[in-house]
Amino acid sequence: MTGRTGRTGRVVLLGVRLALTGGREAAIRLLLTGAGVALGVALMLLALSAQTAVAQRAERIGWQDAATVEQVPADSADAALFLAVSDYHDGTPMTRAYVAALGPEPPVPPGLDRLPQPGEVAFSPGLRTLIAAYPALGERFPGRDTLTITPDGLGHTDELVAVIGRTPADLQAVRSVREVHGFGILPSGNAFFQVYRALLLTSAVILLAPVVLLVVTASRISAGRRASRLAALRLAGATRAQTAVVAATETAIGAAVGVLLGWLAYLVARRVLAATFVFDGGRLPLDDLRVRPWIVAAALVGAPLLTVLAAAWRSPVPTGSRPPGLGTRGGPTAWTALPLAAGPALVFAGARPLGALITVVGVVVAGPYLCVLAGRGLARLSRGVPSLIAARRIAADPGTTFRAVGGVALAAWAATVLGSTTGALTQPSDLPLRPGVVHIDTGGASAAAVAALVSPGAVLTGRSFRGMEVPCADLAQVVHVTCPHRPDGPRVESTPGAVIGDLFVPTDGTLAAENALRTTVATLIPNAIVNSDRDPVGDGFTGQRGLALAACLFVLVVGACSLTAGTLGALAERRRPFAVLRASGVHLGELRRVVLLETAATMTLTTVAAFGAGLLTAYAMTRTDPAQWHPPQPTTLALLAAGILAALLLAAAALPLLGPVTRPDSIRYE
Amino acid sequence: MAPLLTGVDLHKAFGRTRALRGAGLTVAAGEIVAVIGPSGSGKSTLLRCLAAIIAPDAGEVRLDGRRIDDLPDRTRTGLRRSEFGFVFPFGQLVPELPAAENVALPLLLAGAPRRRSLAAARDWLTRLGLPDAADRRPADLSGGEAQRVALARALIARPRVVFADEPTGALDSVAADQVMDLLVDAARAQRTGVVLVTHEPRVSAYADRTVLVRDGAA
Ligand SMILES: Nc1ncnc2c1ncn2[C@@H]1O[C@H](COP(=O)(O)OP(=O)(O)OP(=O)(O)O)[C@@H](O)[C@H]1O
Ligand SMILES: [Mg+2]
């Protein structure tokens, strides 16, 4: 028994030695594997901890939705009247809540140990500081400042929140006020965070897929060389299992180094994220940015395991000088495109993350087949020798070809999905306010209630099932609109009983004027929602476009790395025949054309397919909320094209190596 | 016989290794010249200089009386393509191309139509005793078969000179004889000059003339 372990130990040691002293090629392979794994591990942990942070925040501020969420579990003997209204200060979101106990034991939101009594106000530290700087703001929160909302009830430490204590009689008259029996809102009850978590999960998948491709490409770089080295081992008497151990050892070393680096990178990155990343108006606290220990452990063990498996899959079981993947299997068939079609269908059926996952997998599974198609097209379209060689190379090993271009295709898919779903959120509203105009959504107050707010130049609108009821010419005074506009209707009479929908009030445009008006509105109609052109458009999704762009860029960069790694690997493997071709009078330019055509043809087709899949996925994902569907704009398309071009250029950056690597006077006969 | 290719007083150093020190050689049309000598004596370097793959440090190479060693790299590449054929000991076939396309490469590179080039390649394969190899990839050929395919590729464009560096280096004697017979017959028939580098007397016996290289001089 000890003898056997000893022998295995020696084989492992041999693997270690081959990996560490295998020359420049082995070093590059080690480096690429390590970098790929590091990137993958860091990213996965980061995505998971971001999700934890978002979930934590959802749990802490869920109480603000107590009046709008239907089934809140009761956690107290008595009830309370409650209303939370979103407000802004100079564009910063602020929550103004009203509460009135309906008995001695009312529910209490997290962050408070009791409800504020009528005449009392509970402030978050951030809001208290703000009021100290803008004393006039205090009038919007009438009452004695007696309570402080602790971080348990705040999304982030700087959040601006006030809970104003009122008598039940005060609040009964206010529209939208609800009787609540508890504030323990489950995050699952919060639609916004649910969507957001699904998005995060999907993005994690989208981000990880190209990393996996990179890792596989990296660990399979010049698999041919390794195959011949292992063949030599087998000739020297090593068993199949022993050569497998040698191969696995080499990959495992790279993966182990990568996991360590990835873990360190994650520790740094989560601090950077906590310090710089603003999500929904506030930073994510470092304490929230964490993953459960078992997930960390699983990642640290699973990533190298996955890498070793990926490298061993279809691993060179050396039989001779046959280059890997040549003529060993039938080519991929059209059936492999099935998951690509099934993924979006699943998304349609409602299984969003699963559907997205299957689509990503589908792009990868169908990739080699698409490459075969691209090769056939290339052979048909062009008769030159470079395209002939390129087409034959694609056909001979579509899997390897695809791994090189797959990352870019995934980037295209991700960019398309993100660009077509979130673009709408940051689009300016279709009726942007004129400068200085403040928009008040009265929630259906009477003309009498808003009379005090109507200043010269103010425009009132009625509200019906058709939307705003107002003459377009009037509306054009306060918002940027070209008449005729669809919601055109009769002028709203300011007779006391008329129901007012919206009120547009012109001001001198100063922050002080806006704040004064907000305070007046809050006093008269506590449930009204006030917006000015200082407020961010697409409330709640601020910064998401930037996030999406960053994600796409990341995927693209990883894809480009795969492309470069793939190109380098292909060069290393085809070194000798290419050198001989050059000796026989083939120009370097023709060899360059082989490499470029091979990349361009497969990348074009897979990217176009990924783009189509992305459109379909995005459309399916937004089916339940069509407002989010947003067909890609010319700018998105231009960005996509530019990204792909950049990736091609990066791949072309490997081309100068083609010259020295295939120098005809370097043909050796080892 | 007017010389087809001549190399005179060729010198070439790689760093401090002086691979060639005044080597020279002449080949006439249809003539087969064997270059023999101990390992490391500079045989392959001489071949590469003569074939305009590398430029010598001193001396000159002439094809049909015109100097070719001092031409720019691009021109030399074109020259190799149109005037020369090459056979190396192994691993020269493009692994992804079936045998027929490998053979047809020189014609295709010269811009000949695909169908005609492939037909010619099949003819050559048949002539070299490989009628069934046309659609097989190099990895599925034996060493001897692969060398015959390489030979067909070297000869198909009717080059003026074929350079063969240890063409039988990786073959057993039966396969080696077969390859050499075919090379000699084809060269005679096409009046192609052959520079044959070898260290096997058995192979050099096929040549009309033998040149001995020792310490970079011939
Ligand atoms: N590209 C090169 N770079 C550096 N040194 C070289 C290079 N090519 C050849 N040499 C050196 O030049 C000398 C002659 O080499 P060459 O390959 O011409 O010998 P050879 O006669 O063909 O030997 P063999 O019979 O072993 O093939 C050797 O010492 C070799 O190491
Ligand atoms: Mg030699």
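Give the average, rounded to an integer, of partner chain Cβ atoms located within 10 angstrom of each Cβ in A:443-453.
0
Model label points for residue B:142 and residue A:482, set 7 angstrom from Cα along the Cα-to-Cβ axis, are 8.1 nm apart.
Compute the length gained on full extension between residue A:512 and residue A:17: take 0.36 nm times their separation in residues and subtract their Cα-Cα distance, giving the result in nm to one decimal.
Stretched out fully, the residue A:512 to residue A:17 stretch lengthens by 170.9 nm.
Electrostatic tally near residue A:601: other residues with Cβ closer than 13 Å to its Cβ, Lys and Arg +1, Asp and Glu -1, net +4. Sequentially through the range A:27-39, phi angles give Karplus couplings (6.51, -1.76, 1.60; θ = phi - 60°) of 5, 5, 5, 4, 4, 5, 4, x, 5, x, 5, 4, 4 Hz, Gly and Pro residues having no value and appearing as x. Using a/c under 1.5 as the rounded threshold, could you call chain B rounded, prolate or oblate? The axes a ≥ b ≥ c are square roots of the C-alpha gyration tensor eigenvalues, and prolate needs a/b larger than b/c, oblate otherwise. It comes out prolate by the Cα gyration axes.
Taking the Cβ of residue A:45 as the centre, find all other residues whose Cβ is under 15 Å away and add up their charges (Lys, Arg: +1; Asp, Glu: -1). Within the 15 Å Cβ shell, the charges total +3.
Each residue was assigned an accessible area with a 1.4 Å probe, and for residue B:172 the value is about 100 Å². In terms of packing, defined here as the mean over residues of other Cβ atoms within 10 angstrom, the peptides A:370-376, A:50-56 line up highest first as A:370-376, A:50-56. Legend: mean number of C-beta atoms from other chains within 10 angstrom of residue C-beta atoms, peptide B:88-94, equals 6.
Enter the mean number of other protein chain beta carbons within 10 Å of the beta carbon of each residue in B:95-106, as an integer. Don't skip to the answer; put the middle values down first.
On the way: counts 14, 15, 8, 1, 0, 0, 4, 2, 0, 2, 6, 4.
Partner Cβ neighbours, averaged per residue: 5.
Taken across both chains, chains A and B shield about 2900 Å² of accessible surface from a 1.4 Å probe.
In sequence order, the range A:336-349 has phi-based couplings of 5, 7, 4, x, 4, 7, 6, x, x, 4, 5, 4, 4, 6 Hz under the Karplus curve 6.51 cos²θ - 1.76 cosθ + 1.60, θ = phi - 60°, and Gly or Pro positions carry x. If Lys and Arg each add +1 and Asp and Glu each add -1, what is the summed charge of the other residues whose beta carbon sits under 13 Å from the beta carbon of residue B:104? Net local charge, residue B:104 excluded: +4.
Per-residue ellipticity at 222 nm from helix content only, as computed over chain B with -39500 (n - 2.57) for each DSSP H run of at least four residues, stands at -11000 deg cm²/dmol. In order along the range A:517-533, the phi-based Karplus estimate (6.51 cos²θ - 1.76 cosθ + 1.60, θ = phi - 60°) of 3J(HN,Hα) comes to 4, 4, 5, 4, 4, 4, 6, 7, 10, x, 8, 5, 10, 10, 9, 10, 6 Hz; Gly and Pro are listed as x. In degrees between 0 and 90, to the nearest 10, how far off the longest principal axis of chain B does helix B:73-83 point, with axes built from Cα atoms? In chain B, helix B:73-83 runs at an angle near 50 degrees to the longest axis.
Normalised by the number of residues in chain B, what is the relative contact order in percent for Cα pairs under 8 Å and 6+ residues apart?
Value for chain B: 33 percent.
For the range A:66-167, the set of GluC sites (Glu not before Pro) satisfying both a DSSP loop assignment and a count of at most 15 other C-beta atoms within 10 Å is given as A:70. Largest first, the residues B:25, A:309, A:32 sort by 1.4 Å accessible area into A:309, A:32, B:25. Ranking of B:182, A:45 by solvent-accessible surface, largest first: B:182, A:45 (1.4 Å probe, protein heavy atoms only, all chains present).
The values are calculated or read from the model by the stated rules, or taken from the named source; none is laboratory data. Note that the coordinates shown come from a computational prediction; the quantities given were computed from them, not determined experimentally. Here the Cβ is made from the backbone with ideal geometry for all residues, glycine too, and neighbour counts use every protein chain on show. Accessible surface areas use protein heavy atoms only, side chains included; no ligands, DNA or RNA. Shrake-Rupley method; radii C 1.70, N 1.55, O 1.52, S 1.80 Å.
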